[in-house]
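K.L.:
Pasting in a structure now, in structure tokens, and then I'll have a few things to ask.
The values are calculated or read from the model by the stated rules, or taken from the named source; none is laboratory data. For clarity, every value in this text was computed on a predicted model and none was experimentally measured. Glycine also receives a Cβ, built like all others from the backbone with ideal geometry; neighbour counts cover every protein chain displayed.
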Amino acid sequence: MLRAENKVLMDEWLELDLSEHIKHAVEELVTKGDDAALKSLYHTSISRDARQVVYESVIEALHQEKLTVENKHLLLQTTMQLLKGSSQDNLDFKLRPLTEIRPLLSDLFCDKSEYRRTALDFVTLFTKFAKIVQLKPHYSSPCAVSPDGTRIASATSGRFNHGIVQIWNAKTGTLVGEPLRGHTDFVNSVAFSLDGTRIVSGSQDRTVRIWNAETSSPVGEPLRGHDRWVMFVAFSPNGRHIVSGSDGTIRMGDAETGTLVGEPLRGQKKWFGSDWDAETGSPVGEPLRGHVNSVLSVAFSPDGTRIVSGLGDQTVQIWDAETGSPVGQPLRGHHNLVNFVAFSPAGTRIVSASNDRTVRIWDAEAVSPVGEPLRGHTGSVKCVAFSPDGTCITSISGGGAVHVWDVEALGILNATRRG
């Protein structure tokens, strides 16, 4: 008994010693630009309480007027290396709100790209910037977010429950209603209609199914006609038609009746069709040529004049929906497959989600990056969407972690990529 009490007392002394060391290390960096003492903790196993001391000491230091911009940058870099043992999905210490920390870093959001990147990483990873909800149980990808941001549709996987689509409450992470059953093989793509009343799913069983999002009941019969797996599905801007694609074949279906419209649009394996006549199935304008890899996601602009596609070659491409011509050069920045793309409600921004664990924002008019990528997911990001007012972005990783990013509060929507 006495030995146990002595051990507890010794642990408390060691923890107190460590806390003093941390405070001293932060002060050394602030006053002298010396990060050696703080870096000495890299290979030390520190407790949750010690992590909290590191975090609070750094926040206190950020308030000091004597902290130069160079030392502030060094402090954030060193701190993030020390704290990255905990991602924001499972942080074991309390964070300060973005509204408190963002003004303290205003001098780092400057023309120097390295400083901007460090400041953005810190506020996205180590402030209350993104609300996080975990979907459970039985979450899998692919997925889609409803236009109002309140629901998530995702496909299940596994030996005995593949081919099922489930609906989740985006705020609580709990299941809503009954599963959508009907597919006989894995579901590759799901999408909501613009009014949120319909869900469409495309499957490896080569069919497309339409569902009533409120009742979980099917709308019409399965749409058959693809010769291979259905890889992506999307609703047209007016919500009346569905676009589905497989290797070399694109088909359109009527969202109200659940029937196919016209003949299949067939083309080369590496291109994606632009638009077509709903009655005849004939293409309108030219196909969208130029893809060098698989199309993993497509989305229409709200006015229907442009199409954006996410590709397996790590790029995002914008197209003129009428002429079939690319708008600008491919948007580069992701370092892995681009799983999902979406337009903002105003059509001025595009957001993309990738296997590189980041979310990126693009200027749809200037065809250029907006700010730095959003980091925080610990796995591949499978889907992404803007909120109805365009101020927030919802992204979902393969592990079912839902991040809601307040990008307007950060100022990223109005940022331009410099440096």
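K.L.:
Please work out if T78 is buried (at least 16 other Cβ atoms within 10 Å of the Cβ), in contact (Cβ under 8 Å) with a residue 40 or more places away in the chain and among the β-branched types (V, I, T).
P.N.:
Criteria met by T78.
K.L.:
Next up: Within the stretch 315-332, how many residues are surrounded by fewer than 20 Cβ atoms within 10 Å (Cβ to Cβ) and on the phi > 0 side of the Ramachandran plot?
P.N.:
Going through the stretch 315-332 one residue at a time, the tally reaches 1.
Residue-wise test of (1) in contact (Cβ under 8 Å) with a residue 24 or more places away in the chain; (2) touching a Phe, Trp or Tyr at 6+ places or on another chain (Cβ under 6 Å); (3) surrounded by fewer than 18 Cβ atoms within 10 Å (Cβ to Cβ); (4) in a loop (DSSP other than H, G, I, E, B).
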residue	(1), (2), (3), (4)
I152	yes, yes, no, no
G163	yes, no, no, yes
I167	yes, no, no, no
G177	yes, no, yes, no
T184	no, no, yes, yes
G202	yes, no, no, no
W211	yes, no, no, no
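K.L.:
Another question, if that's okay. Mind listing whichever residues of the stretch 32-66 are touching a helix residue (DSSP H, G or I) at 6+ places or on another chain (Cβ under 7 Å), assigned to a helix (DSSP H, G or I) and among the charged types (D, E, K, R)?
P.N.:
K39, D49, R51 - these are the residues of the stretch 32-66 that are touching a helix residue (DSSP H, G or I) at 6+ places or on another chain (Cβ under 7 Å), assigned to a helix (DSSP H, G or I) and among the charged types (D, E, K, R).
K.L.:
For the stretch 299-309, which positions are β-branched (V, I, T) and buried (at least 22 other Cβ atoms within 10 Å of the Cβ)?
P.N.:
I307, V308
K.L.:
Here is a list: S368, S282, S294. Which entry is farther than 24 Å from V145 by Cβ and at pLDDT below 75?
P.N.:
S282
K.L.:
Restricting attention to the stretch 116-145, which residues are closer than 22 Å to A342 by Cα, at pLDDT 80 or above and crowded, with 24+ Cβ neighbours inside 10 Å?
P.N.:
L135, P142, C143, A144, V145
K.L.:
Sticking with this structure for a sec: With the checklist (1) modelled with pLDDT under 85; (2) assigned to a loop (DSSP other than H, G, I, E, B); (3) in contact with a strand residue (DSSP E or B) (Cβ under 8 Å, 6 or more places away or on another chain) in hand, flag the one item D111 doesn't pass.
P.N.:
Every listed condition holds for D111 apart from (3).
K.L.:
Here is a list of conditions, (1) assigned to a helix (DSSP H, G or I); (2) at pLDDT below 85; (3) of a type outside the set (S, T, Y), and K72 meets all of them except one; can you say which number that is?
P.N.:
With respect to (1) assigned to a helix (DSSP H, G or I); (2) at pLDDT below 85; (3) of a type outside the set (S, T, Y), K72 is out only on (2).
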